[in-house]
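S.K.: Got a structure for you, questions after.
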Amino acid sequence: MVNRPRMQEQEKKTDIVEIMIGRTLRIGITFSSVLIICGLLLFFVTGDTGYAKNDYPTHVQDILLGFISFRPYGVTLTGLLLLMLTPVFRVGVSIIAFLLKKDYLYTLITLIVFSILIISFTIGKAG
């Protein structure tokens with residue numbers, strides 16, 4: 001015989017996990033889209049990227065400094081950076097969600113995926 005209240009509790013936890021993950025993706029995409037659009041608008045209004053010819057930020061620190069100083073290209077790149085980091089953040093939220101759900105197998109799998117993502121960013125930065 002199936003324990004009905006327990007199944008309903010599991011379904012409720014699954015719904016909460018899906019809502020958390022969906023909300024994370026929506027927020028990340030919304031913020032990145034707003035930043036990209038603002039950067040493009042700044043570029044069209046000023047007619048300038050905010051950087052000297054052939055001198056563009058190539059490191060995260062330089063991109064963020066360009067964002068803080070409202071340089072159009074820096075704002076646009078910050079939006080693109082946020083767009084790239086959104087799925088990584090989603091994986092981090094998934095780890096927490098699976099822990100709350102007490103689904104330790106998926107927590108472990110998601111931790112492995114998260115580790116691979118972080119290692120690939122580190123290797124990509126070094127290379």
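S.K.: Quick check on the exposure proxy: order 85, 41, 35 from fewest to most C-beta atoms within 10 angstrom.
M.R.: In order of increasing Cβ crowding within 10 Å: 41, 85, 35.
S.K.: Give me the dipole magnitude in Debye, nearest 20, for the chain about the Cα centre, with unit charges on the beta carbon: positive for Lys and Arg, negative for Asp and Glu.
M.R.: Taking the Cα centre of the chain as origin, the dipole is about 400 debye.
S.K.: Full extension from residue 58 to residue 100: what is 0.36 nm times the residue separation minus their Cα-Cα distance, to one decimal in nm?
M.R.: Once the chain is fully extended between residue 58 and residue 100, it gains 11.3 nm.
S.K.: While we're on this one: How much length is gained on full extension from residue 120 to residue 18, taking 0.36 nm per residue of separation minus their Cα-Cα distance?
M.R.: 34.1 nm
S.K.: Looking at the stretch 1-124, how many pairs of lysines come closer than 19 Å at the Cα, when each pair is eight or more places apart or spans two chains?
M.R.: Close lysine pairs found across the stretch 1-124: 4.
S.K.: Measure off 7 Å from each Cα along the Cα-to-Cβ vector at residue 88 and residue 51, then give the distance between these two points in nanometres to one decimal.
M.R.: Simple spin-label model gives 1.9 nm for this pair.
S.K.: Projecting each Cα onto the charge dipole of the stretch 39-127 (Lys/Arg +1, Asp/Glu -1 at the beta carbon, about the Cα centre), which of 86, 58, 106 comes out farthest on the positive side?
M.R.: 106
S.K.: If the viscosity is 1.306 mPa s and the temperature 10 °C, what Stokes-Einstein diffusion coefficient in µm²/s follows for the chain when Rh is the Kirkwood radius over Cα pairs?
M.R.: 93
Every number in this text was worked out from the coordinates using simple rules, so none of it is lab data. The shown structure was predicted, so the numbers you read here are calculated from the model rather than taken from an experiment. Cβ: placed from backbone, ideal geometry, glycine included. Neighbour counts: every protein chain shown.
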